[in-house]
Amino acid sequence: MSSFFAVILSVFLLVVFLQYMLIRLMLPQALSKTGRALISLLLTVGINSVPFLYMTWTGTLDQLPWWHRELIIFPYAILLVASAVSGMFLLVVWCATLMLSLLWPGFDRGKRRFLSYSGRATVGASLGVLAFGTYYENKTPEISRLTLSYRGLHPDLSGLRLVHITDIHAGPLISYETISSIVSRANALKPDLIVLTGDYVNHNPDYIHGCLALLDELKAPAGVFGVYGNHDYYTGIDAMKAGFAKTGISVLSDCHQAPKGLEGLLNIIGAEDPISGWATDAQFQDVAKLSGLVIPDRFNLLLSHRPGIFRISQDWKVALTLAGHTHGGQVILPGIGERGFSLAGFFVTYTHGLYESEKEPEVRMYVNRGIGTIIAPVRLFCRPEIVEITLKKA
Ligand SMILES: [Fe+2]
């Protein structure tokens, strides 16, 4: 079992345990201890049979256009995350009430009732917030527009517009309808160039053909370029490569290419994904080879699934690095720091938005929040995005 699935399974089992404790706490006190334990166990097993039933019948369910996602998977995901949030909150409350009851014996009488009310309140609040995050934020990609000025930009590149799309994660949580809509919106921007930075399919190779056929409809005069992400390896890199070979998309794996009509001006470098270390800044294997792909007298555009590459690529004087992978953390707490605190900040250095090198302000990276999600289809203050960048001569 890969470390990725081991982590996912461990988190899942922890959340299921929290869910069991939460249900048990919320059952009426009039029931016996055994009765509460039995009912909680049956409800927990029943609720969590959804993903296993889904995996068993996924072939059948995927033929259905929308209702299995909207009416089964999404509510289940909301309930699972609500259980995690409420369970963790109640653990904190339980520790606090335990300390209070030790310091103040009279407090103990109301402890259980207090916990029960806290549980209901947090479950209710979590369900409301997560339903908003799932049914609104997660389903409404926005177009982020940036203009980046460079003193040394060749005049022929001034005004060049590129569109960046990443982390589609085609699968049960991201439908073909969603991908088709993203492709239409990107084409409607009429960019000169389109770039993709990996994680096209979440994990199931059955989605490769459908996803790549839709992405092949992306059109730009200078071409469509991409790199692979860690999920493309989980899906099966050989099948992904075979799929891309049938498209007009150029996937760059530790190599570079000049886009059509911009030869001598623009150098696109594609970094191969390190595959491992998905929750870290990641270690890139062939750094010397990558840095050797930079052409000093051209505008160098580096595509990397992992934003952690900026720790080293900023020393190569690559004017613009485009990355994804983090999904912006899927939840951003606004008002903390200049860009808000992304949950991805617990794991990686660069989470979302524009970064400038401290040594060279015109050496930049944009970390795209992506289209898809992992673990749960929930986003808060972190809408999916299509990024349009215009280069300008300063
Ligand atoms: Fe991703």
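Please determine whether any residue of region 110-125 is under 24 Å from the mean Cα position of the chain (by Cα) and either outside the structural domain of I174 (by TED's automatic domain parsing) or surrounded by 13 or more Cβ atoms within 10 Å (Cβ to Cβ) (or both). Within region 110-125, one or more residues are under 24 Å from the mean Cα position of the chain (by Cα) and either outside the structural domain of I174 (by TED's automatic domain parsing) or surrounded by 13 or more Cβ atoms within 10 Å (Cβ to Cβ) (or both).
If the condition is being within 14 Å of L320 (Cβ to Cβ) and either within 16 Å of the ligand (Cβ to nearest atom) or in contact with a Gly (Cβ under 9 Å, 6 or more places away or on another chain) (or both), then region 155-172 contributes only H164.
Consider region 202-231 and keep the residues that are crowded, with 23+ Cβ neighbours inside 10 Å and under 18 Å from L302 (Cβ atoms). The one that is nearest to the ligand (Cβ to nearest atom) is G229.
Results for (1) at pLDDT below 80; (2) in contact with a Ser or Thr (Cβ under 9 Å, 6 or more places away or on another chain); (3) in a loop (DSSP other than H, G, I, E, B); (4) not assigned by TED's automatic domain parsing to the domain that holds G372, shown as yes or no for each residue.
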{"site": "I23", "(1), (2), (3), (4)": "no, yes, no, yes"}
{"site": "S40", "(1), (2), (3), (4)": "no, no, no, yes"}
{"site": "V45", "(1), (2), (3), (4)": "no, no, no, yes"}
{"site": "P51", "(1), (2), (3), (4)": "yes, no, no, yes"}
{"site": "I72", "(1), (2), (3), (4)": "yes, no, no, yes"}
{"site": "I78", "(1), (2), (3), (4)": "no, yes, no, yes"}
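All of I371, I389 fail the test of being in contact with a strand residue (DSSP E or B) (Cβ under 9 Å, 6 or more places away or on another chain) and not in a loop (DSSP other than H, G, I, E, B), apart from I389.
Considering D286, D297, the condition of being of a type in the set (D, E), surrounded by fewer than 22 Cβ atoms within 10 Å (Cβ to Cβ) and in contact (Cβ under 8 Å) with a residue 12 or more places away in the chain is satisfied by D286 alone.
Looking at S184, S180, which one is over 18 Å from R145 (Cβ atoms) and either of a type in the set (K, R) or not in a loop (DSSP other than H, G, I, E, B) (or both)? Please lay out each step first, then the result.
On the way: S184 fails: over 18 Å from R145 (Cβ atoms).
Result of the check over S184, S180: S180.
Flag: P361 matches the condition of being closer than 21 Å to L162 by Cβ and without any contact (Cβ under 8 Å) to a residue 12 or more places away in the chain.
Among the residues of region 358-386, those identified as at pLDDT 95 or above and touching a Lys or Arg at 6+ places or on another chain (Cβ under 8 Å) are V363, R369, C382, R383, P384, E385, I386.
Filtering region 316-331 to residues that are more than 16 Å from the ligand (Cβ to nearest atom), over 13 Å from V227 (Cβ atoms) and either in contact (Cβ under 8 Å) with a residue 40 or more places away in the chain or of a type in the set (G, A, S) (or both) leaves K317, V318, A319, L320.
The values are calculated or read from the model by the stated rules, or taken from the named source; none is laboratory data. The shown structure was predicted, so the numbers you read here are calculated from the model rather than taken from an experiment. Reconstructed Cβ throughout: ideal geometry from the backbone, glycine too, with neighbour counts over all protein chains shown.
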